[in-house]
Amino acid sequence: MDLKKRKVNPEDDLGFGKQPVMKSQPVINKDGSINVKRTGLPFLNTLNSYQNLITMSWTRFWLVVLSGYMVANIAFACIYVALGPDSLDGKSGNTLFDHFMDAFFFSAQTISTVGYGHISPQGMIANSVAAMESMIGLLAFALATGLLYGRFSRPTAKIKYSEKILISPYLENKRGLMFRLANVRRNILIDLEMEVLFSYNEEVNGKTERKFFPLELERRSVSILTLNWTVVHPIDDDSPIKDFSPEDFERSEVVFSVILKTFDDTFSQTVHSRTTYTYKDMVWDAKFKPTFDRDEDGRVMLHLETIDDYEMVGKIV
């Protein structure tokens, strides 16, 4: 596994430089996010609310929206209760809890500008609070609508990658490093370009450094992604992983970084997808099972749930 004579392209280090990987922490996470923690930024810059709200999962997004809605209504309800029982006209019940619930639902009607009219504010202070709440509600709902539209309209690639990367039979008595992917959405992806970077730790003058090598692929580009794409790196005499054993992969904390660029025909924009495989994701002497067949009419059927399926084969020499 002597790679010292091989030329390393400094443009292919993912901006990570020579920093070694420690405790199997790759630069790129499985979901494509960058595994770098930033500190020393101003609080408001670190907060970056818009970026977080646009990129977070749908579950977290709705939890944030609903939590903000509930907190705002509870806060204004407390203000109406603090103004006294005569601040709202048309309330029902005489207990403090009944007063709070009347104030809460009045707040919900005011902040959404629904205004059923059953309960109304009384006095200058209560009317001023209601007017301010309605203005805040208009701005907040406009912001939420914009965020919702931004999340739907943001072009992204929804690519499903195989969980494992295999060392499989390839051509005649050869081996290949393989993983596969498929488009989860119904949109059309064209002009796909794939790049796979192999990186590992190496001791240089008593110091651990990270080395990066772009892998040669059987096919770097695909005109259109109709079924699944099995990405293959032939392990030949020019391959940087030719002499690596499973122990070498683990000792060097090997990582394969996958970067995909493609054109989304629906949004007419270029989109990107990223993932990573570590030595823990490698399976030796295995091959992928077919992911598609045909129905009764002869139409091709792609089974996305089988994208991870593989079977073991005899030991590859």
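The values are calculated or read from the model by the stated rules, or taken from the named source; none is laboratory data. This is a predicted model, so every value here is computed, not measured. Please note: Cβ atoms are built from the backbone with ideal geometry, for glycine as well, and neighbour counts cover all protein chains shown. Just the protein is used for accessible areas: all its heavy atoms, side chains included, with ligands, DNA and RNA removed. Shrake-Rupley method; radii C 1.70, N 1.55, O 1.52, S 1.80 Å.
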| query | By how many degrees, between 0 and 90 and to the nearest 10, does the Cα long axis of helix 96-111 differ from the longest principal axis of the chain? | reply | 70
| Along the stretch 225-236, what does the Karplus equation 6.51 cos²θ - 1.76 cosθ + 1.60 (θ = phi - 60°) give for ³J(HN,Hα), rounded to whole Hz, x for Gly and Pro? | 9, 9, 10, 9, 10, 8, 7, 10, 10, x, 8, 10
| task | First measure r as the distance between the Cβ atoms of Glu195 and Leu139, then evaluate 1/(1 + (r/R0)^6) with R0 = 41 Å and state the FRET efficiency to the nearest 0.05. | result | 0.40
| field | Where only C-alpha atoms are counted, convex hull volume of the stretch 181-317 per residue in Å³ | value | 142
| note | Quick numbers on the stretch 78-120, Rg and Dmax over C-alpha atoms in Å, give 9.5, 27
| To the nearest 10 degrees, how steeply does helix 124-153 sit against the main Cα axis of the chain, on a 0 to 90 scale? | 20
| said: Quick check: at a probe of 1.4 Å, how many percent of the accessible area of the stretch 185-225 sits on carbon and sulfur atoms? | reply: 42
| task | With θ set to phi - 60°, apply the Karplus curve 6.51 cos²θ - 1.76 cosθ + 1.60 along the stretch 210-216 and write out the HN-Hα couplings as whole Hz, x wherever there is a Gly or Pro. | result | 9, 10, 10, 9, x, 8, 6
| message | Using the basic label-point model (7 angstrom from Cα toward the beta carbon), what is the Ala82 to Thr156 distance in nanometres? | response | 3.9
| message | For the pair Met301/Asn35, report the inter-label distance in nm, with labels modelled 7 Å from Cα in the Cβ direction. | response | 3.8
| remark: Taking every alpha carbon pair in the stretch 109-216 and sorting the distances into 10 angstrom bins from 0 up to the bin holding the longest one, the percent per bin comes out as 10, 19, 17, 14, 12, 12, 11, 5, 1
| Amide N of the stretch 226-266 lying under 13 Å from the label point, which is placed 7 angstrom from the Cα of Glu216 along Cα→Cβ | 233-242
| remark: With the dipole of the stretch 164-317 defined by +1 on each Lys or Arg Cβ and -1 on each Asp or Glu Cβ, the option from Tyr200, Phe244, Gly314 whose Cα lies farthest towards the positive pole is Tyr200
| said: Taking amide H atoms as placed 1.01 Å from N in the peptide plane, list the residues 5 or more away in sequence, or in a different chain, whose amide H sits under 5 Å from that of Val232. | reply: Glu218, Arg219
| Which residues' amide hydrogens lie under 5 Å from the amide hydrogen of Thr278, considering only partners 5 or more residues apart or on another chain, with H built in the peptide plane? | Phe256
| field | Cα gyration tensor category, rounded, prolate or oblate, for the stretch 161-201 with a/c compared to 1.5 | value | prolate
| query | With axes computed from alpha carbons, what is the tilt in degrees of helix 58-82 against the longest principal axis of the chain, rounded to the nearest 10 within 0 to 90? | reply | 20
| query | What GluC sites (Glu not before Pro) in the stretch 255-317 are in a loop by DSSP, with at most 12 other Cβ atoms within 10 Å of the Cβ? | reply | Glu296
| remark: Between Lys174 and Arg251, Cβ-based FRET efficiency (R0 25 Å, step 0.05) works out to 0.50
| message | For volume of the Cα convex hull per residue in Å³, one of (i) 248; (ii) 184; (iii) 230 was computed from the structure I shared and the rest are decoys. Which label? | response | (iii)
| So who's got an amide H within less than 5 Å of the one on Asn35, skipping anything under 5 residues away but keeping other chains? H placed 1.01 Å off N, in plane. | Ile28, Asn29
| What accessible area per residue, rounded to a whole number of Å², is obtained for the stretch 153-292 using a probe radius of 1.4 Å? | 48
| message | From the phi angles alone, apply the Karplus equation (6.51, -1.76, 1.60; θ = phi - 60°) to the stretch 300-310 and give each ³J(HN,Hα) in whole Hz, x where the residue is Gly or Pro. | response | 5, 10, 9, 9, 5, 6, 9, 4, 8, 6, 8
| message | Using 22 Å as the Cα-Cα cut-off, could you pick out the over-long pairs in Lys174/Lys242; Lys30/Lys242; Lys211/Lys289; Lys174/Lys261; Lys37/Lys158? | response | Lys30/Lys242; Lys211/Lys289; Lys174/Lys261; Lys37/Lys158
